Structures are given as C-alpha cells and as structure tokens.
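In what follows, a structure is listed as structure tokens, so that the remarks can point back to it.
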Amino acid sequence: MFDSFDPLKGKMLRILDERGKVLKAGQKWMPELSDEELVDGYRAMVRARVADERAVSYQRQGRIFTLPTNIGQEASAVGTIKALRPDDWMVQSYRELGGVLAKGGTVKNHLAYFSGSETGSVHPGNPRLLPLSVPITSQVTHAAGIGHSIVYRGGDEVAITFFGDGGTSQGDFNEGLNWAAVYKCPVIFVCNNNQYAISLGRAAQTGSETLAQKAVAFGMPGMIVDGNDYLAVVAATRAAAEHGRAGKGPVLLEMYTYRMGAHTTSDDPSIYRSKEEEESWLAKDPLIRMKAFMVERKLWDEDKEEALRKEMGAECDEAMREVENMDPTPVEDIFRYQYESMPPELERQMQDYKAFLAWKESR
Amino acid sequence: MPAMNLVQAINNALEIKLREDEDILLFGEDAGLEGGVFRVTQGLQAKFGERRVFDTPLSESVLLGAGLGMAVTGLRPIVEIQFSGFMYPAMNQLVTHVSRMRNRSRGVFTVPMTIRMPYGGGIRALELHSESMEAIYGHVPGLKVVIPSCPYDAKGLLISAIESNDPVLFMEPKKIYRSFRQDVPEEAYRVPLGKASVTRQGEDLTLVAYGAMMRVASKAVEQAAKEGTDVELIDLRTIYPLDRETVLDSVRKTGRLMVLHEGPKTFGVAAELISIVNEEAMEYLEAPPQRVCGFDTIMPLPMGEDHYMPTPERVLYAIEKMKAFAE
Ligand SMILES: Cc1ncc(C[n+]2csc(CCOP(=O)(O)OP(=O)(O)O)c2C)c(N)n1
Ligand SMILES: [Mg+2]
C-alpha cells in the first residue's frame, strides 16, 4: 500500500467521499470489516463526539476545568485503535479521546482527569495505554522505546503514538522517528494534521509540502491518509501494523483532518481563522460521511442514532455526577506515589503538613 | 498615572523597548498575531509588524538557540516560552550555550536575551502549567533570574532585563496577571536587577517572598500583626543575583528568618537564603530559620493543588513554631 501513495507526490489514501460513497480508486483498499465491526466503529465515534460535547458544556458550567476536544478527529482516533489488538500499546497526546475510550479508558476517568484528579489516568484493567502527554511530541520517543522493547523481547505487538502538525517542529519528533527507523521498531507514528497548532496554521511549522514526506528522510514509509475517512484510517493502520509485525520497522501516517473545535475551552479561534473556513469543513465531518455509508448499507438509521446519543449523554451525565461526588485528593496521595518508598524528608514534609492541618482545625 | 495590571505593565514595557530599539525582536509560539495565550504581547505585532514581532514553529530549543544566534550578531531578542513547564526542551540551549557564551568566549560574544515565561500555581491549570521551578535556573551560572510581584516592579524590572547584556530569565507570576492594578508611570523607568525591596518594616521576624507569594505573605503579615507579631516583609524580586545585604540587614535587626516560596522545599531559594544568613549572621539568630514551601512532589492536579500551595495560614503556623522556640 505504501508504494502506491508517495507522500512526495502528495497522494492521499481515501476510500469514502464526503457523501459516504465508496470512491472508485478507494475500492481496492477497502478494509475487510464485518457489519458488527462497522457498527462498533461508528458507535465509538459517536460516543466520543457526545462525550466531547458534554465535556465542553460541563466546562462551561464550571463543573470541570479547561480541556481539549477531539471533535472532528474521531475517525483518526477511533479507526487507528480499532485496527489494532488489545495487546498493542497506545501512547497518546491529549486529543484522542475516541481512541482512549476504544483502548479501555472511561468517560468517568476523562472527566476525573479534567476535574483535576490523577485517578483519571488509572483505567480499569490497566490497558496498555500511557497517561496523556502534555509536553508536545515528547511521547513520540516513548513509543520508540516501547517498540525497541518489543523487538528485544521478540514480540509481535506494535506501539502507536499520536502527535500534531505543530508537534513535527519539535526535536523529539526527529529523535523518536530516527531511533525507531534505526532499530526497526514496530511503531506507528500518527501525525494528526488538524491544520492548527493553537493559533498557528500548518504552513507556519514547516517548509515541507506535506508532513508525511518527512518519513522519506528517516528511512520509513510515510503516507497521507484522509483522516476524516474511518475506512481509510483503518486500512492504513492495518497496513502499518502488518509492516511492524513483519519486522520491517516504523511507519509515519499523516492523518489529514481538521480541528473543528477550539484548541481548548480557553481558546478563541475567531482571532486566527474565519467562519467560512470552519464552515467549509462541516461537510467533511467524519461522522456524517460514515453515517451515510452505514445508512446506505442499512446498518444504521436515525432512530439508532438518536438512541445512541441519548444513551451516551446519560452515561456522561452519570459519570460527571460520580466525579463530582468523588472525595477530594487525600493528602497521602500527594506524597505516596512519588517514590516506591517515601524518603525520610518527604515523610517529614507530609507529617508536618498534617500537623499544620490539625493546628488549623484547632484554631 | 494610568492604573495597570501585571499584563498591561509588561506589555507596556515591551512596547517602550520595541519602539526605542530596532535591534529588539520579540517572538514565541502564538506570541505574534494572537498576542500569546495570556495576551501579554497583544497588539505588539500590529504596532511593530511581523518582522519585529512574530510567531514561531512549535519548538522551544530553537527559540533559545536561534535567539543566541541573533544575539551574537548584535540583536536583542525577547523570547516568550508559553509556560515555564515547556522550557525543558530548551534546557540544553539554556544551560550549555546561552548562559555560558560570555565566559567561554572571554567576553567576545554575549547573549543579551530576555526570556519571558509565565510560572506558578493556584489557577486550576493542566499538568505542567503550574510549577515554580525557579531554583533550577538560579543554579545555572551565567543566568539572571527575575520574578516581579506587582505591576510597578514588573515594568521597571523588565526594562532593566531587556537592557541587561547578560541573558535574563523573567518569570511572570500568572496567578496575579490580572488580579490587581497599580499606578504605573507611562514613561520608561528602571527597577534595578539584584535589589530586593523591603515592603513592610517590622521588628520581630523577617519574611522573604517573591512573585505571587507576596500576596500570600502580605495577608499573613497583616494577620500576624493582629496577633502581636511585627513582621518585616522583603520582596526578593531577583533570584539571581540575590540581594544578600537587604536580607542580612533585616535579619540582624529581627533575629528571625522565614522564607516563603511555591517551589519544592529541597534545594530551593529558601535553602540558599538560610545558608547566606548562616554564613554571615548566624550570631543574630534567635530561632532556627523556617521554610514555608511547596513539597518535594510533582505539582498535584487541581483537586490536590490547595494542599500544595502555601497559604497565609501555613505562614502563621510557622510563625507560631518560631515563637514557641523562643519561649
Ligand atoms: C513543549 C510544549 N510547548 C508548548 C506547549 C503548549 N501547547 C499546547 S498544545 C500546542 C499546540 C499543539 O499543536 P499540534 O501539535 O498541532 O497539536 P493539536 O493541539 O493541534 O492537536 C502548544 C503550543 C506544550 N504543551 N508543550
Ligand atoms: Mg494541530
């Protein structure tokens, strides 16, 4: 597949057009997916969308703090993870809620994290999902190391990691991809090119025509994928995973997409982009496209859509209530996870602080 | 005299210097068109154009590295790091080049660069958006480290920083970016680097703080006065070079030293100040010095943040301990 989509020629893998019709050129790449798998994938995208929409409204109501959303990027977040196995590793940035949920994360955890609780990074069953990463592109090097470990131990898992268009400007992007290529680590580098890094457009980051073409110099395949096309995302990720499992090393996938929402709830996009531009991407919404495809195949209808959105909305509201009823972070938790066993000085600081709390209470 | 908040005072200082000196360039991630995520540089690109005030690729290392390159040719870059938590990709440049160039080249090449970055907690922010790691920078030979606590000082200190021929790290307490206004002269003026200020005279105890902790300190000091302790309050203003004399003079008078900061306790600014007092004024001490600081842990997420951030009550608690020692 990678030979057919030369990033230097700006070729892009697409299977569905914007109305959900299978493109002639896309037919060849159509991933094999059962009806159940199709429904499951679409449902996961809708669930992520609803969770994001709810989270933004909770933030507006002052119930949680600032947070980013993955609205508009659900196909890339969900399609990648659905194309992989549970024993593969996911190394996230902070804009892949759909993928996190698909990997075993929960809405409650998401809301807990953005309510300011570290417990939000502890998912049921401890899936192979690292906590979200705030320093841009730093996580890419971790995926390289996970890939290295897989090779060392002779496993056939892969690691997948996510970062943005802006993230390609960081040194860690270079260092992580370079390492993975040198040691042929089974890593799928997913660059979500959502056209913006906060206020800066894609063109402000690099003189390269495309981001995928950076792979060429590292010595790995690179491909541009229509990141709003769920089927293309699945097909590309499967190919990349096969490449990795076969011992051929890493792949860079540039998911061409659009950040439909603000950077975070504290951002104001009207400063740096036009309403017309935002509107021009509405029709390209990955959910609209996939839904049309599903409806056409009689796998989906408006009733199902409405029921799912309602069910998910209620699930989010319930999760939000649970988070609001959580106990505040216990004093001990601030100290006890810093080291395997608490150094004496830290123990002293904790005891002194507890003595202070008692003093305050008695005043 | 116009009343300005911290953001306006900093913006005003930047504008004055940009207008005065064409060798000054200002740049950073989102610092141009948008005016930075806190809008501190708002309007500057419109006033001075994209050649003078510009957005950069998302990469802190090159912000400082390219800044150094500009500086050795005679420009005077002002670099914005979006949050202090994102300085780390640039630590290599800061420690291995920016701070060393003058000494290594025996003064031939210098780096008159000002690096601004918001720091500090108490704003319910995301991970790595709330730390106070000034002690790390105080430890790097060749850097000056400045932390203002009010709009008036911020403007005067920033102008001094920009005029310094050594690299200056200017850390902005974002918690108080917009929390109060002060009368700030419209014209340029300077507050010297390396000079602390005594903001309240007192007889019983010396309390040293800086940045957003000055507000916490002031509240504690007011309450302490009501409870019968007369505290002398010092705003350090510069972490390096430290104003030893102001602190020593005060401790010689009061016989007691307490230091308040948000950053972790171990190897912090408080430890350094206490060492200085031990070296030069030990015989004046009537009680062991006290530190009221953040813990040796990562900054907790917002649900645990209030435990971490020093409060006026924690200062009062430490005062009581100190007084108990004397009795
Ligand atoms: C090292 C570092 N520098 C700066 C930031 C502040 N910051 C957060 S997100 C962001 C833009 C990221 O853009 P991109 O990589 O395209 O990802 P997107 O947010 O669009 O998904 C910036 C500058 C950061 N988190 N880490
Ligand atoms: Mg982006």
Each residue of B:259-266 has, on average, a number of other protein chain C-beta atoms within 10 Å of its C-beta equal to 1
Relative to chain B, whose Cα atoms define the longest principal axis, helix B:213-226 and its Cα axis are tilted in degrees, nearest 10, by 20 degrees
Rounded to whole Å², per residue accessible area for chain B with a 1.4 Å probe reads 38 Å²
Within the protein assembly as shown, the percent of DSSP beta bridges that are antiparallel, given to the nearest 5, stands at 15 percent
In whole angstrom, the spacing between the Cα centers of segment A:74-117 and segment A:226-272 equals 13 Å
In nm, the gap between the two label points placed 7 Å beyond Cα toward Cβ at A:D303 and A:V151 is 5.4 nm
Taking the dipole of the protein assembly as shown about the Cα centre (Lys, Arg +1; Asp, Glu -1; charges at Cβ), the one of A:S208, B:I162, B:L260 that reaches farthest to the positive side is A:S208
For chain A, the longest principal axis of the Cα atoms and the Cα long axis of helix A:35-60 enclose an angle in degrees, to the nearest 10, of 50 degrees
Under the rule rounded for a/c under 1.5, else prolate if a/b exceeds b/c, else oblate, using alpha carbon gyration tensor axes a ≥ b ≥ c, the protein assembly as shown is classed as prolate
In whole percent, the fraction of accessible protein surface over chain B that belongs to carbon or sulfur atoms, probe radius 1.4 Å, stands at 51 percent
Summing -39500 (n - 2.57) over every DSSP H run of at least 4 residues in chain B and dividing by its residue count gives a helix-only mean residue ellipticity at 222 nm, to the nearest 500 deg cm²/dmol, of -10500 deg cm²/dmol
Once accessible area is computed for A alone, B alone and the pair with a 1.4 Å probe, the total buried surface, to the nearest 100 Å², works out to 3600 Å²
Helix-only [θ] at 222 nm, chain A, -39500 (n - 2.57) per DSSP H run of 4+, per residue, nearest 500, equals -14000 deg cm²/dmol
GNM on chain A, Cα springs under 10 Å; top mean-square fluctuation among A:A25, A:A83, A:A215 goes to A:A25
To the nearest 20 debye, segment B:197-326 has a Cα-centred charge dipole, built from +1 on Lys and Arg Cβ and -1 on Asp and Glu Cβ, of 180 debye
Longest principal axis of chain A (C-alpha) makes with the long axis of helix A:230-245 (C-alpha) an angle, in degrees to the nearest 10, of 80 degrees
For segment A:7-329, the percent of accessible surface on carbon and sulfur atoms (probe 1.4 angstrom, ligands and nucleic acids excluded) is 51 percent
Mean per-residue count of partner chain Cβ within 10 Å for A:112-119 equals 4
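Can you give the charge dipole size of chain A about its Cα centre, rounded to the nearest 20 debye, using +1 on the beta carbon of Lys and Arg and -1 on the beta carbon of Asp and Glu?
My answer is approximately 580 debye.
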GNM on chain A, Cα springs under 10 Å; top mean-square fluctuation among A:L308, A:L252, A:L101 goes to A:L308
Whole-Å distance linking the alpha carbon centroid of segment A:287-363 with that of segment B:243-291 is 42 Å
For A:T66 and A:E175, extending 7 Å from Cα along the Cα-Cβ vector and measuring point to point gives, in nm, a value of 2.5 nm
Test assert for segment A:316-343: residues whose accessible surface shrinks by at least 40 Å² between chain alone and all chains, 1.4 Å probe, equal A:T329, A:I334, A:Q338
Percent antiparallel among DSSP beta bridges confined to chain A, rounded to 5, stands at 10 percent
Rounded to the nearest 0.05, FRET efficiency between A:D3 and A:D317 (Cβ-Cβ, R0 56 Å) equals 0.70
For segment B:228-269, shape from the Cα gyration tensor axes a ≥ b ≥ c, cut at a/c of 1.5 then a/b versus b/c, turns out oblate
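What relative contact order, as a whole-number percentage, does chain A give when Cα pairs under 8 Å and 6 or more residues apart are counted? Walk me through the intermediate numbers first.
Numbers: 650 pairs, mean separation 83.0, N = 363.
Relative contact order comes out at 23 percent.
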Relative contact order in percent for segment A:64-172 (Cα pairs under 8 Å, 6+ apart) equals 30 percent
Dividing the mean separation of Cα pairs under 8 Å (6+ apart) by the residue count of chain B yields a relative contact order in percent of 16 percent
Contour minus Cα-Cα span, A:A203 to A:S121, at 0.36 nm per residue, comes to 26.1 nm
Per the rule of 0.36 nm per residue minus the C-alpha distance, extending B:S197 to B:R104 adds in nm 30.1 nm
Buried by partner chains in segment A:195-213 (accessible area down by at least 10 Å² vs chain alone, 1.4 Å probe, heavy atoms, protein only) are A:A197, A:I198, A:S199, A:L200, A:A204, A:Q205
Per GNM of chain B with C-alpha springs under 10 angstrom, the most fluctuating residue out of B:A31, B:A287, B:A217 is B:A287
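In the structure shown, do any of B:K175/B:K265; A:K360/B:K323; A:K24/A:K298; B:K175/B:K226; B:K219/B:K253; B:K144/B:K253 have a Cα-Cα gap over 24 Å, and if so which?
B:K175/B:K226; B:K144/B:K253
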DSSP beta bridges in segment B:3-183: the antiparallel percent, rounded to 5, is 10 percent
Heavy-atom accessible area per residue of segment A:7-329, all protein chains kept, 1.4 Å probe, expressed in Å², is 40 Å²
Per the C-alpha gyration tensor (a ≥ b ≥ c, the square roots of its eigenvalues), segment B:233-327 is rounded if a/c is under 1.5, else prolate if a/b beats b/c, else oblate; here it's oblate
For the pair A:W281 and B:R19, the simple spin-label estimate (label points 7 Å beyond Cα toward Cβ) gives in nm 3.8 nm
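The values are calculated or read from the model by the stated rules, or taken from the named source; none is laboratory data. Predicted model only: the values in this text are computed from it and were never measured. Heads up, the Cβs are rebuilt from the backbone with ideal geometry, glycines too, and the neighbour counts pull from every protein chain shown. Protein only, heavy atoms only, side chains kept; ligands, DNA and RNA dropped before computing areas. Shrake-Rupley method; radii C 1.70, N 1.55, O 1.52, S 1.80 Å.
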